[in-house]
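Data first, discussion second: the structure below is written as structure tokens.
The values are calculated or read from the model by the stated rules, or taken from the named source; none is laboratory data. All values derive from a computational prediction rather than experimental measurement. In case anyone asks, the SASA skips ligands and DNA or RNA and just uses the protein heavy atoms, side chains included. Shrake-Rupley method; radii C 1.70, N 1.55, O 1.52, S 1.80 Å.
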Amino acid sequence: MKILLSVLTTILLTLGVAGLARADHGSPVDRVPEPPVIVEVEGDAANGFGIHYSDGSELSPPTDSEAFAECGEYDRRVARVRCRTEVRVWYRDLGDLKRALEHARS
């Protein structure tokens with residue numbers, strides 16, 4: 001019994017030391033790139049939003065009518081309802097973000 005316990009302890013210690021030796025001890029900031037920050041949201045759901053990021057990139061999602069039309073192309077009713085819900089939430093959140101940015105700047 002002592003031999004078995006000694007062998008198991010040796011195996012666990014070896015695995016633990018090997019795991020520590022392979023671990024990257026760099027800063028988490030160095031490993032994970034920071035996502036760009038949204039600096040401006042312009043437009044509205046009916047005419048389309050424009051989202052501008054701190055790194056100079058921008059995103060222009062389709063208008064709400066275009067997005068809802070794309071949702072209608074799904075075959076299953078559940079998929080269409082899920083898509084429409086995602087579109088409503090996406091545009092609602094973009095509107096909230098736009099108002100929050102305007103409030104923060106005032």
- Note on the structure: Note: Glu58 to Arg76 extended length (0.36 nm per residue) minus current alpha-carbon separation gives 3.2 nm
- Task: Please calculate the 1.4 Å probe accessible area of His52, with all protein chains present, and give it to the nearest 10 Å².
- Result: 40 Å²
